[in-house]
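Inspection log for the structure reproduced underneath, given as structure tokens.
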Amino acid sequence: MDKIRLGLLGCGGMGGTHQAGLAELGDIMDLNVVCDTVPERADLAAARLGARRAVTDYRDMVDDLDAVLIALPHDLHLEAGLFFLNAGKHVLMEKPLANSESACIQLIEAAEKRKLVLMTAYPVRYWPAIRRMKELVDSGYCGEVFQMSIWTEQYTRYEDGHWALSADRLGGGQFFSHGCHYVDLLLWFLGRPVRGVHLGTRLGTPWMEREGTSNATITFASGAMGYHFGTWGARGTRLGYSFHIHGTRCMLEYSLAEGKLTAHTHVVDGQTNPDPATRTVVLLEDDDRSKKTQHETRHFLDCIRTGSRPLTDGPSSLQGLRLIWRLYDAEPQNAIADLSGLGLDEDWRQGRAASGQISRP
């Protein structure tokens, strides 16, 4: 099969972040065309990536590509996604898939009708260390998993007038825009969710219309629990991007800053402070501190070549967003959200994000 002709729509923000990863994929694709409403930004991306054309209107891209990576403001995902899907093009959509359930469903149905690949760009699922963690969990290496915790501490402040300062355009707050990555990860690792709570605040991030700091706790059918703490207000960090999995045999830890996947073992029974008795084994080292988007994009291109369904397809993405919407609905009522029906292996056509699916604590 010839190389896939790929287009990049949106050359700033996450579109800019993707460029380093795209530069590593010349063996499987040709970056034919780039588009940005700022001509200088489009020209710069074209020069960096060796694209044949740079345009400012995405409708001028369509004849030059087989697939497109869409990295636009969230509220524009539906319009642009439908345009390319209806033109018979495969779509890799920057997260989130869309800002509403109805918009997500329209994109999913358009892709299914034309048998096209629609994938959400959740890069963390494709990081080598995270894939290795999943293999270890599935193999029973950790024993029975009872807790997964994820911390993402960063400082994100957009300039005045930026689209992401609008909760309507962003789709919510930090939890929706950034936490969707880690809700997806918790569902992938831990299975079917049962109930959960979310608490968020603007304190420390007054530029946000909704929460800039978020805490979410979810219980799963297995009895395991998942937790995500995320903030866009960190003025300093120790954990950075950290992932912990506690099982009955060991604890797994991945630190993006350190680039190490580590197993912690040999906690002594009855010892309240286990640190002196804990041993560590480094299972994987990775010196790439970037967002490693090349792995997800390669997966997308491989799915096009083989006709496979992507791991982060439209239905699984919708299930994760539905979970966030249910937690959002429950929060102002001081209620525990019913998350039943939102597992990645459950029928996405039956789930709904509507209010009212909550129970009092």
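The values are calculated or read from the model by the stated rules, or taken from the named source; none is laboratory data. As the structure is a prediction and not an experimental result, all values here were calculated from the model. Every residue, glycine among them, receives a Cβ derived from its backbone with ideal geometry; neighbour counts consider all protein chains shown.
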Cross-chain or 6+ apart pairs with Cβ under 9 Å, region 159-185 first and among the hydrophobic types (A, V, I, L, M, F, W, C), then modelled with pLDDT under 95: 164/13; 164/158; 165/158; 165/159
Pairs with Cβ under 6 Å, 6+ apart, first in region 284-304 and among the basic types (Lys, Arg), second part of a helix (DSSP H, G or I): 291/17; 291/123; 292/123
Residue check, residue 108 under 19 Å from the mean Cα position of the chain (by Cα), surrounded by 16 or more Cβ atoms within 10 Å (Cβ to Cβ) and of a type in the set (A, V, I, L, M): yes
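The rows are residues; the columns are (1) assigned to a strand (DSSP E or B); (2) surrounded by 18 or more Cβ atoms within 10 Å (Cβ to Cβ); (3) of a type outside the set (A, V, I, L, M, F, W, C); (4) without any contact (Cβ under 8 Å) to a residue 40 or more places away in the chain.
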position: 230; (1), (2), (3), (4): yes, yes, yes, no
position: 239; (1), (2), (3), (4): no, no, no, no
position: 242; (1), (2), (3), (4): yes, yes, yes, no
position: 249; (1), (2), (3), (4): no, no, yes, no
position: 258; (1), (2), (3), (4): no, no, yes, yes
Unique match (being farther than 17 Å from residue 324 by Cα, over 18 Å from the mean Cα position of the chain (by Cα) and surrounded by 19 or more Cβ atoms within 10 Å (Cβ to Cβ)) among 92, 85: 85
Test: residue in region 153-167 that is surrounded by 23 or more Cβ atoms within 10 Å (Cβ to Cβ) and outside any loop (DSSP other than H, G, I, E, B): no
Check on residue 116, free of Cβ contacts under 8 Å to residues at least 60 places away in the same chain, buried (at least 16 other Cβ atoms within 10 Å of the Cβ) and within 30 Å of residue 191 (Cβ to Cβ): yes
Members of region 318-334 that are among the small types (Gly, Ala, Ser) and in contact with a helix residue (DSSP H, G or I) (Cβ under 7 Å, 6 or more places away or on another chain): 320
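Could you grab me the full set of residues in region 171-227 that are of a type in the set (A, V, I, L, M, F, W, C), assigned to a loop (DSSP other than H, G, I, E, B), touching a strand residue (DSSP E or B) at 6+ places or on another chain (Cβ under 9 Å) and under 23 Å from residue 154 (Cα atoms)?
If the condition is that a residue be of a type in the set (A, V, I, L, M, F, W, C), assigned to a loop (DSSP other than H, G, I, E, B), touching a strand residue (DSSP E or B) at 6+ places or on another chain (Cβ under 9 Å) and under 23 Å from residue 154 (Cα atoms), then 203, 208 are the ones that fit.
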Count of region 89-119 residues which are assigned to a helix (DSSP H, G or I) and on the phi > 0 side of the Ramachandran plot: 0
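Would you mention how many residues in region 191-218 are closer than 28 Å to residue 138 by Cα and within 20 Å of the chain's Cα centre (by Cα)? It would help to see each step written out before you state the result.
Step one: of region 191-218, the residues closer than 28 Å to residue 138 by Cα are 191-198, 215-218.
With the extra rule that they be within 20 Å of the chain's Cα centre (by Cα), the set shrinks to 191-193, 196-198, 215-218.
Total satisfying the criteria: 10.
Taking the criterion of being within 25 Å of residue 164 (Cβ to Cβ), of a type in the set (Val, Ile, Thr), assigned to a loop (DSSP other than H, G, I, E, B) and in contact (Cβ under 8 Å) with a residue 12 or more places away in the chain, would at least one residue in region 56-71 satisfy it?
yes
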Residue, nearest to residue 327 (Cα to Cα), within region 143-152, restricted to residues that are of a type outside the set (Ser, Thr, Tyr), in contact with a Gly (Cβ under 7 Å, 6 or more places away or on another chain) and surrounded by 20 or more Cβ atoms within 10 Å (Cβ to Cβ): 148
